[in-house]
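One structure is given here, and the rest of the page talks about it.
The values are calculated or read from the model by the stated rules, or taken from the named source; none is laboratory data. Computed from a prediction, not measured in an experiment: that's the story for all the values here. With ideal geometry, Cβ positions are generated from the backbone for all residues, glycine too; neighbour counts draw on all protein chains shown.
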Amino acid sequence: MEKVKTKKKAKTISADALNELVVSLIQDKKGNNIVSLDLRHIPEAITDFFVICHALSTTQVRAILDHLEEEVKNQTSIKPYHLEGRANGEWCLIDFGDVVAHIFQEEKRDFYQLEDLWSDAIIKHY
């Protein structure tokens, strides 16, 4: 008898729960100055939440990115829609749809100041 492969269905998870999971996973890898920007009340926003943090090296930036990619998939079956910046490790972005995480090296975070660009968001510090 031949085995039939079935697609694994993604678990349904609220944007709030996904946001908290992403923050928790960043904390696992010692991300610094973690903030969550709730963008749900901003009509122009492309996502519900931005999670922003910085790391002390390219190695740590990539470690956080890899941990997010692997553990969100393991815990929710959600794969990232888009992933960017792994090669240079200065600013990485991982898009899970409802939550987009930005992992910076500190100098790049200071330069781009995403929190200031979205200053009308509801900001939560961790």
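Tabulated data
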quantity: Residue selected from the stretch 107-117 under the condition more than 16 Å from the chain's Cα centre (by Cα), more than 16 Å from residue 86 (Cα to Cα) and among the charged types (D, E, K, R), by the criterion modelled with the lowest pLDDT; calculated: 116
quantity: Those strands (runs of 3 or more DSSP E) lying entirely in the stretch 29-100 with at least 1 residues under 13 Å from the mean Cα position of the chain (by Cα) and farther than 18 Å from residue 123 by Cβ; calculated: 82-84, 91-95
quantity: Within the stretch 38-60, considering residues that are in contact with a helix residue (DSSP H, G or I) (Cβ under 8 Å, 6 or more places away or on another chain) and under 10 Å from residue 100 (Cα atoms), the one surrounded by the fewest Cβ atoms within 10 Å (Cβ to Cβ); calculated: 48
quantity: Pair list, Cβ under 9 Å, 6 or more apart: the stretch 94-105 residue farther than 11 Å from residue 84 by Cβ and in contact (Cβ under 8 Å) with a residue 12 or more places away in the chain, other residue basic (Lys, Arg) and outside any strand (DSSP E or B); calculated: 96/79
quantity: Residue list for the stretch 85-99, restricted to those being under 18 Å from residue 19 (Cα atoms) and either modelled with pLDDT under 95 or in contact with an Asp or Glu (Cβ under 9 Å, 6 or more places away or on another chain) (or both); calculated: 92, 93, 94, 95, 97, 98, 99
